[in-house]
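Here's the structure, in structure tokens; my notes come after.
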Amino acid sequence: MASGAYAPLTLSAAQTGPSMNCCQILAVILVNVLALPLQILALPFQLLFILLMPLVSFCSALSLRRRAAAIDGRAEDPLVAQTWGSLEELLSRPAVSVDLSATWPMVLLAALLLPMILVNNLLAIWIPPYFAHIARMAKWHQLSATGCGKVLFSWYYWNWHLLFGTLIAYMGQRRVSVYAFEGEAQGGGDYWWHGQGYFTGTHALVDQLAMGVQDRGLGRAAFDAVVPEVFPLDSIIFLPNSHEATSKWAEDRKVMHDFWLSEQGPNYAQRVGHLKGLVKESWSNPSLDNLANIKVASVLVSRCVFYVFFGHWLTDEEASVMSRWARDAPLLVTPRFIHRLAFNFFVHQCKDLRAETIALISKHKLGHVFSTMNSTFSSANRRKYDVDLCNELMFVIGFAGIGGPSRAAASVAKFLLAKQSEDQAGVTFGGANSHSMIALYKKDPKAFIMETCRISSPVGTFTTRLTASAAKELGLGLDLGKAQETHLAGVINVSNVDPRKFPEPYKFDPARPNLPDALTWNGKAFSSRECDYPRLCPGRDLSIQIVKTLAEVLLCPSGCECMNPVVQVPSVTGMERLEYEAEKEAVLERVHKRSANQLVADGTGIVGLGAEFDRNAGRITLYWEYGHLPYLSEISRGRTVLISTVDGGVDVEDASKTISGEVESVSSDCMVVVTQYERLPAGRRGGRNHLFRADLGPNIVAYKRQPWFADAGIGCWLCCRCNATCPGLFFELKAKSAGPAECFKATPGHGHSVHGSYEADGPNEGVLVTLTSGSGKELFRNANPSGRFSIEVMEELPHKLCFESSVEESQMVSFNFHVDEHGDGTDHHDKEHMEYVTKEHTDKVEELVAKLEAKANDILDQQQYAITREAVHRETAESTNARVMWWTLAEVAVLISLAAFQVYYLRSYFEVKQIV
Ligand code: HEM
């Protein structure tokens, strides 16, 4: 821990909790004596368990090994480097840092004493001073053991581990309640002892720790955590951030940012933009109740996260594998001692999850992503095998990336229903019902999600190593005994409800002024102070986007004004134009500088394709002349590709050489591209039987090139005729000296009229627009950068609309128009009406429309309310029915036993007791 990193804090002194009084000591002794027969009675069952469990565990280990070998053997991805390594070897690495209490003989002893330990744990829950005593003894064991360099065996140490599990079970998984109980039992100070280190939930201290160096030891929170059986030891979450930019932690973070999480990354914005549509398609039972179920939420979140990172929308089966990361999260943080009591059965389950995740990567041929990532590391930090990096990064994606947003989404859904979340009890909604909670959400979705995550933090803690000197510096008055160091955990979920920071902490209030001070994402995320937190969660934006998307599908399925759009709706702005230009340059540079083999290796292009064009459907099927299509990592469904002939080359400005389209599907046999072009590029020689190439196109979908409009040779008229309104068209108008005018042809009928408008956009704007009749008569001329026209056509010959640049920079021209058969731009009935329409009329109509809109919104809100009420009633009815059933069963049981007793009693009554 860096010296001088902390400002002095005023904290309450170290607490050890009240000691037990005589009565309590007597009660503990008495219960233990009475529990002795129980211990003896349970012995046969324990022996059975000790015999059977290792067998079950052995079988699960064997099947895991076979599966890992099968995954290794698949090698489906030809682009995976030779350095991939072996999953089987990775999963069979030996355990490290096993202390005496968790060695097998000790574990067997603990298993035999289990009933006594459990009785003591229940006692500790009922008698808090006894709890404090066990915690004190466990602390002594831990600190003195580290101090003298040997980890001893201790009954209290076992007790403590199991005690925590018992507490969690007792308090319904709500960790905050467990921490509150622990803190209270140990005297209610600002920190308490928690098994393997100190925990604190004071906002001021957790904030300081979040800003400082979070020096991680082996494993997550504990030196005896199950490493590496469950954790990949080098995963970013467990690495210290105490080093410079060249540290493994820094490079891991950089690589995650560059490849996946940067909003400026090649795919991020586009993929996030696709999420809503994909979720809508695959969510079978969308409702708030459904989302409030963590299993459902985790399946949806897994799909979203995997799609944003890898561009594949998982099938139901695949998503249920990934969602185990959220469901099995408690197993991942279970200490080794507890895992060993279950004879490593759950360790195999954790390993199985890691293996299945890597199998998914292999199935989707994504191994090369990790090979490429690994090659960007400096030699000191490069993993020997790519599979190690894959395992480590997928662990983080699962553990942090799926677990966190799943809990957040489920809690948001619960709060939208005005119910308590799984993670937090006692939240007050100020009398709000689901109806008003939804209205509150719509007011500010991000604040709603942040407030939900403050009160019901999806991630509970982070840890740091605490040395004696740092403890002194922090002014904690912490007792480290003989130990040089221990762990200190910042308990985020307790600090987020610290009343000293957040008055009325359990009141749900997204408008609270200091909401960004919550430490939910390992620091004050979304505040002006983000930079002060070196380990701030890099997935914070994505988590908000995902939760928002899921809520939006439920609350505003057909678009929602209230929502800040996840990705800006396509419209050509100056910035997009610049982005498009930059992308176009990048595409051209890649195409011209990279060889065909390099393009395939990069996953951005392929040369030597045959093509079949289905003109009616606008579909091009591309297949490779040399067999199966090689895997192209960057070209997947939804991406824009450029199709050109091999001999003609790529020229994005010339539609006769290069056309564009969107990838509809890709398989090993062919790629199907949907295009709006009427024909394939003709190449230099013209004619048929060309070989084609496909290259990844500029990435801004909104900015589709429509060059066939600008290509008079292709001969398409302005796209629509006769009373149809044309959507806005865009094309690039080259600099004055770079090319001739861009012209469009049309043949409107006699007496028709053409109405339209145009606008030029560029660093310097200047355009001359002319409309010329078939006989060469100029009907319209305008040199302004924007304008409107409305011209009556008198000849049935082709007319020409030309745009000529008058400046030396290229500009984007957008225009739309309307051809009207009646020749006046209005409907004839309208014309009659127009004469009588006054402003008063239009105001009335406007008012009426506004009223209708308000009523429609009202009805929608009422419907949502009715749905929620119906759900609540159904739940109440179901629970009443269940209770009635149990009551009836109990009655039946009592009646049967009563009847049996009566028969027995009557029989004995009539029996002849004495034979004289
Ligand atoms: C509501 C959702 C989320 C919450 C509350 C959250 C919170 C956190 C917290 C508190 C940490 C620090 C934990 C520790 O160091 O022990 C963390 C780390 C991390 N999170 Fe998130 N997270 C969320 C979603 C995500 C997502 C969607 C991703 C990306 C897929 C992600 C990626 C990471 C990574 C890579 C780290 C490790 C950073 C480091 O150690 O430097 N998180 N997150």
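For region 253-297 versus region 747-811, the inter-centroid distance based on Cα atoms is 45 Å.
Please report how far the C-alpha centroid of region 867-905 lies from that of region 373-432, rounded to the nearest whole angstrom. Between the Cα centre of region 867-905 and that of region 373-432, the gap is 41 Å. Residue exposure proxy: Cys531, Cys537, ordered by other Cβ atoms within 10 angstrom of their Cβ from fewest to most, comes out as Cys531, Cys537.
Among 83-91, 401-409, the peptide with the highest mean count of other Cβ atoms within 10 Å heads the list, and the full ranking is 401-409, 83-91. Distance from the alpha carbon centroid of region 118-145 to that of region 480-549 works out to 30 angstrom. Listed cross-link partners Lys414/Lys507; Lys276/Lys855; Lys363/Lys593; Lys276/Lys442 are compared with a 20 Å cut-off, the Cα-Cα value being larger for Lys276/Lys855; Lys363/Lys593. Going from the residue with the fewest nearby Cβ atoms within 10 Å to the one with the most, Leu353, Leu393, Leu488 rank Leu353, Leu393, Leu488.
In region 838-891, one over the average inverse separation of all distinct C-alpha pairs is 14.8 Å, which is the Kirkwood hydrodynamic radius. Expressed per residue, the C-alpha convex hull volume of region 22-532 stands at 166 Å³. Entry note: region 326-469 has Rg to Rh equal to 1.09, where both radii use alpha-carbon atoms and Rh is the Kirkwood radius.
Within the shell defined by Cβ-Cβ distances under 11 Å, the residues around Trp325 carry a net charge of +1, with Lys and Arg each +1 and Asp and Glu each -1.
Using the Cβ of Gly430 as centre and a radius below 9 Å, the other residues enclosed give a net charge of 0, where K and R count +1 and D and E count -1. Counting only residues at least eight positions apart within a chain, or on another chain, the lysines with an alpha carbon under 22 Å from that of Lys254 are Lys384, Lys524.
Annotation: the residues Phe337, Phe744, sorted from fewest to most other C-beta atoms within 10 Å of their own C-beta, follow the order Phe744, Phe337. Peptides 601-610, 194-203, 871-880, 640-649 ranked from most to least packed, by the mean per-residue count of other Cβ atoms within 10 Å: 194-203, 640-649, 601-610, 871-880. Per-residue Karplus couplings for region 882-888, computed as 6.51 cos²θ - 1.76 cosθ + 1.60 with θ equal to phi - 60°, are listed in order as 4, 5, 4, 4, 5, 4, 4 Hz, Gly and Pro entered as x.
Read the figures in this text as sums done on the coordinates, not as results from a lab. In this text the structure is predicted, and so the values were computed from the model without any measurement. Ideal geometry is used to build each Cβ from the backbone, glycine not excepted, and the neighbour counts take in all protein chains shown.
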